[in-house]
1. Just need a number here: residues in the stretch 377-406 that are outside any loop (DSSP other than H, G, I, E, B), over 21 Å from Thr348 (Cβ atoms) and not hydrophobic (A, V, I, L, M, F, W, C).
2. Pairs only if they're at least six apart or on different chains, beta carbon under 8 angstrom, first in the stretch 202-226 and over 14 Å from Glu253 (Cα atoms), second among the hydroxyl-bearing types (Ser, Thr, Tyr) and at pLDDT below 95; list them, first residue then second.
3. Of the residues Ser414, Ser456, which single one is in the same structural domain as His382 (by TED's automatic domain parsing), hydroxyl-bearing (Ser, Thr, Tyr), in contact with a strand residue (DSSP E or B) (Cβ under 8 Å, 6 or more places away or on another chain) and touching a residue at least 12 places away in the same chain (Cβ under 8 Å)?
4. Restricting to the stretch 163-192, give me the number of residues that are assigned to a loop (DSSP other than H, G, I, E, B), touching an Asp or Glu at 6+ places or on another chain (Cβ under 7 Å) and in contact (Cβ under 8 Å) with a residue 40 or more places away in the chain.
5. List, please: which pairs have Cβ atoms under 6 Å, are six or more places apart or on different chains, and start with a residue in the stretch 91-108 that is of a type in the set (Asp, Glu) and end with one that is surrounded by fewer than 19 Cβ atoms within 10 Å (Cβ to Cβ)?
6. Kindly check whether there is at least one residue in the stretch 200-214 that is more than 22 Å from Ala246 (Cβ to Cβ), assigned to a loop (DSSP other than H, G, I, E, B) and touching a strand residue (DSSP E or B) at 6+ places or on another chain (Cβ under 7 Å).
7. Might you check whether a residue that is within 10 Å of the chain's Cα centre (by Cα) and over 23 Å from Phe193 (Cα atoms) occurs anywhere in the stretch 249-263?
8. Inspect the stretch 122-138 for any residue being within 15 Å of Ile8 (Cα to Cα) and in the same structural domain as Ser249 (by TED's automatic domain parsing) and give the result as yes or no.
Amino acid sequence: MNPDTHLILTFSSAPTLGRSGQIRIFDAADHSLVDTLDLSIPAGPDPSRRITPPPAQVIDPNPAAPTTTTPAVRTTPADLHDYQLTTIGGLADFHFYPVILHGNVATIYPHNHVLRYGHKYIVQIDPGVLIPSSGVFAGFTSNRGWTFTIKANPPSVSATRVVVAADGSGDFNTVQGAVDFVPANPPRRVTIFIRNGNYEEIVFFCDKANLTFRGEDRDKVQVGYGNNSAFNPPMPGPSRRCAFSAYDSTGIEFVNFSISNYFTGQAEGLLIYGSKNIVSHMNIKGSGDALNLRGSVYLTESRIIGDGDTILGVGPAFFNHCELQSIGPFMWIRNTEANHGNVFVNCTFIARERPAPRPQSSALSPARPPIPAVLARLPNNHGLNYPYAEAVLINCRLKGIPNVGWGPIEDDTSHLHLWEFNSTDLDGHPVDTSQRHPVSRQLTMPQDAQIIADYSNPAFVLGGWTPSLTGD
C-alpha cells in the first residue's frame, strides 16, 4: 500500500457511524501505537451554522509578493480543539471527518504522515464504531484481524512525474500525498498525474513552484470535500475553508479535472494565491467565493459554478473561453490601482435559476434578501472600498443577467472599470444594455479600438506575462 492510503470497509448494507469507540493503528514490529481516531470527538463545528465574519484586512496589492493573510482573526476560536484535527500541507489545525460513509462503504482517514515506507501495520476497531443496518459488526480486536504493509520505497526524489490513483495503483492514493512529496521548487517542472477516480480530501499547500496537476479525464477525475467557514472557521494566516488551496505559489498549472466543494456558505472550490498560475480545461464548483484568486492567473476553457460572489479576488485574472454559472453576483472585485482586475474574452455568463441555499439568520448576522445574478457587485466592505475595481467583458454571451447588469455599488466609483463590448445572448443577438448601471460603460468601435485590443491581450492584463502550458 501507499503511505497515504485510506482504509476501506464494505458492508452488505449501509452502516451508520457510532458516536464512541476508537480506531487504532499499531506498528506490527513493536506494537507501538501510531494513530488513534476517537469517534467520541465531533469532526468539526456544524457546517450549516451562520458565522459573523471578522473585520476585513487590507491585502498587500503587490502581486510579486503575495500574502497568505485572510480576514484578520484576533483570537483563536475557543472551540478549535473540541473537534477532530489533522495536519494538511504543514498546517496542523484542519477539522476533518475521520470516517466518511457512502452507501455501504466506510472509508477511514488516518491522520496524514503517520504511515511509513517498509512498515507493516495492525488495525483495531472497537465495537460500535460502525453499526450495520442489519446484523452486528464486532470490529477488529486482535492483532491478526486486519493487517497491511506499506511499499518499501517512495518514488525517486528526482522524478518529474508522479501518479495519483484512488485504487492504490499509482505512487500515491491522494493528491495531498503527492503534493507533500514534491520538492517546493524542483529544478524541472513536476507533473502530478491524477487517474480517473474520486478523491474526497482537502488539498492545501504553500510555497510551491513548477508544478502541474493534470487529470486523466476532466469529468472522471473528481477532487473535492465538504468544507466551509463554519466547519473550518477563520484563523490567522491561510484560509482553511476551501476544498483545494494553493498559497504563495508560482507557476502552478491545473489541467483537465474537476474540483468541488460539497458544502454551501463561504465554501471555495479553488483558491489560488501567487503569480503566473494557469487553470485550463477545469470544472470548479463551490458556493460563496467558489473561485478565489490573487496574483496573475490565466484561465481558459474552464467552467466555474457558484452560488454568489462566485469569483472573488484582487486580480489580475484573464478568462478565455470560460463558462461561468452563478445564482447571485458573478464577481466581487477587489483589485487596487497596482494591477488589473478580471477580464473576460469570449466567455459565457449564465444566471442559474435555482435559489441559493440560505443559512439560518441570527441576531448577530441577519439573513439578507438575495442579490440577483448581476455581473459584479461592489459593497462597502467594513469600511474598505475598492475604487479601482475592474471587470471587462469582451465578446461575451449572457443569459439571465438583469438589465441593470451591475450592482449594487456602494464603493467610491471614481476609477471603476465596469466595461462591456459586444455582449450578446446565447444565440449571438445583442443584449439590451440601455438600462445598465450608470457607472458602467459600453465600449464601441472604432472609438475604443485600442482599449478592446489591449484588454484582449493576456500579457497586457497580466502585467507582461504571456501564459503557456509547459507540463506534460
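1. At the first step, the residues of the stretch 377-406 found to be outside any loop (DSSP other than H, G, I, E, B) are 377-378, 381, 384, 390-394, 397-399, 406.
Checking which are over 21 Å from Thr348 (Cβ atoms) leaves us with 378, 381, 384.
Remaining after also requiring not hydrophobic (A, V, I, L, M, F, W, C): 381.
Adding up the residues that qualify gives 1.
2. Here the result reads Cys206/Thr68, each pair linking the stretch 202-226 to a residue that is among the hydroxyl-bearing types (Ser, Thr, Tyr) and at pLDDT below 95.
3. On the way: Ser414 fails: in contact with a strand residue (DSSP E or B) (Cβ under 8 Å, 6 or more places away or on another chain).
Exactly one residue qualifies, and that residue is Ser456.
4. Step one: filter the stretch 163-192 for residues assigned to a loop (DSSP other than H, G, I, E, B), giving 165-171, 173-174, 182-189.
Filter again for touching an Asp or Glu at 6+ places or on another chain (Cβ under 7 Å), leaving 173-174, 184.
Within this subset, residues satisfying the condition of being in contact (Cβ under 8 Å) with a residue 40 or more places away in the chain are 173-174.
Number of matching residues: 2.
5. Taking only residues 6 or more apart or on different chains, the pairs are Asp93/Leu85.
6. Of the residues in the stretch 200-214, the ones more than 22 Å from Ala246 (Cβ to Cβ) are none.
Checked the stretch 200-214: no residue is more than 22 Å from Ala246 (Cβ to Cβ), assigned to a loop (DSSP other than H, G, I, E, B) and touching a strand residue (DSSP E or B) at 6+ places or on another chain (Cβ under 7 Å).
7. Our first condition is that a residue be within 10 Å of the chain's Cα centre (by Cα); within the stretch 249-263, this holds for 259-261.
Among the residues that remain, those that are also over 23 Å from Phe193 (Cα atoms) are: none.
No, the conditions are met nowhere in the stretch 249-263.
8. Among the residues of the stretch 122-138, not one is within 15 Å of Ile8 (Cα to Cα) and in the same structural domain as Ser249 (by TED's automatic domain parsing), which makes the answer no.
The values are calculated or read from the model by the stated rules, or taken from the named source; none is laboratory data. Treat the numbers as computed from the prediction; the structure is a model and nothing was measured. Methodologically, a virtual Cβ is constructed for each residue, glycine included, from the backbone with ideal geometry; neighbour enumeration extends over all protein chains shown.
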